[in-house]
Amino acid sequence: MSLSCVEIDERERLRLALSHDPVTAAYLLGDLEPSFFEHCRWFVATYHERICGIVLLYGGLSKPCLLSWGAPDAVEAIVRTFACEWPPGGYGKILNAHQHAFQDVLLFSGIERMWNMGLRQDLFEASIPSLEKPNVTCRLLNVEDSLSSILAIYEDYPGHYFESSQLESGVYAGCFVEGELVGIAGTHTYAPSVGVSCLGNIVTATKHRGKGYARMCIAFLVQELQQRGCKHIALNVNQKNHAAIACYRSLGFVFHNTAMDVVFSRVDGELDLS
């Protein structure tokens, strides 16, 4: 079929296309929020004016990021048309079904295979009664909280994606035991205007792992996001992280799709991201 590949900035048109599968498209839907949208370039493939593939280039963090959605042949057409305009390297969140579409134009390294999971409300509601512990409280974090305490926990997780600016752009919750911060759950994507959020940067201090604090913190955050209008809550988790997967499943998250976190470089130029 004949595909037309163009760059667009039509938020409503993009929202309508992505809303057919909000769990798979959670990151892209989140970037339709005005504060994120200004950092985006949207490359689409259309067939008879209908969007059937999208590659998003997001430039709002310290390194550029590519995200993909849609039919594999449509994504491949976008890559072949526009890759020459993209930065020489960056990070990517690419659906497994699209790996072939990029292979002749981009080099992938540091590949992490991920499960894309979405929250099922009935299963989540069934988990709530077991989320109470004495001397443990959860609350939202903000820029007035000790950044050194927050960063100390993230230091135990090499390769994390936390940046301090996310405390303002996203929603972060902390779990405290007798006043000590022991766990954090945050959002990679927070987009109440389109009813979507994607959880991320979920960590527990080393000496406090295995005690259920992450589970409590996530549950608190989910309830907060739902109260703010996020109907669809998703997350991506490394397929080898069995403990995290078990935690998410116990809260009502179910497997939905497969994806990859990668470092990419164009075949005609590389960028050192170390």
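The values are calculated or read from the model by the stated rules, or taken from the named source; none is laboratory data. What you see is a predicted model, and the numbers here were worked out from it, not measured in a lab. All Cβ positions, glycine included, derive from the backbone under ideal geometry; neighbour counts span all protein chains shown.
Descriptive notes on the structure:
- Residue, nearest to ALA259 (Cα to Cα), within the stretch 101-114, restricted to residues that are at pLDDT below 95 and outside any strand (DSSP E or B): GLN103
- Within the stretch 20-53, tally of residues that are within 17 Å of GLU76 (Cβ to Cβ) and in contact with a Cys (Cβ under 6 Å, 6 or more places away or on another chain): 1
- Within the stretch 6-35, residues that are surrounded by fewer than 17 Cβ atoms within 10 Å (Cβ to Cβ) have Cβ atoms under 9 Å from residues that are of a type in the set (Asp, Glu) and at pLDDT below 95 in these pairs: GLU7/GLU85, counting only partners at least 6 apart in sequence or on another chain.
- Any hit, the stretch 182-204, residues being in the same structural domain as PHE162 (by TED's automatic domain parsing), surrounded by fewer than 14 Cβ atoms within 10 Å (Cβ to Cβ), at negative phi and free of Cβ contacts under 8 Å to residues at least 40 places away in the same chain: no
- Residues of the stretch 205-254 that turn out to be buried (at least 17 other Cβ atoms within 10 Å of the Cβ), without any contact (Cβ under 8 Å) to a residue 60 or more places away in the chain and in contact with a helix residue (DSSP H, G or I) (Cβ under 7 Å, 6 or more places away or on another chain), as a count: 4
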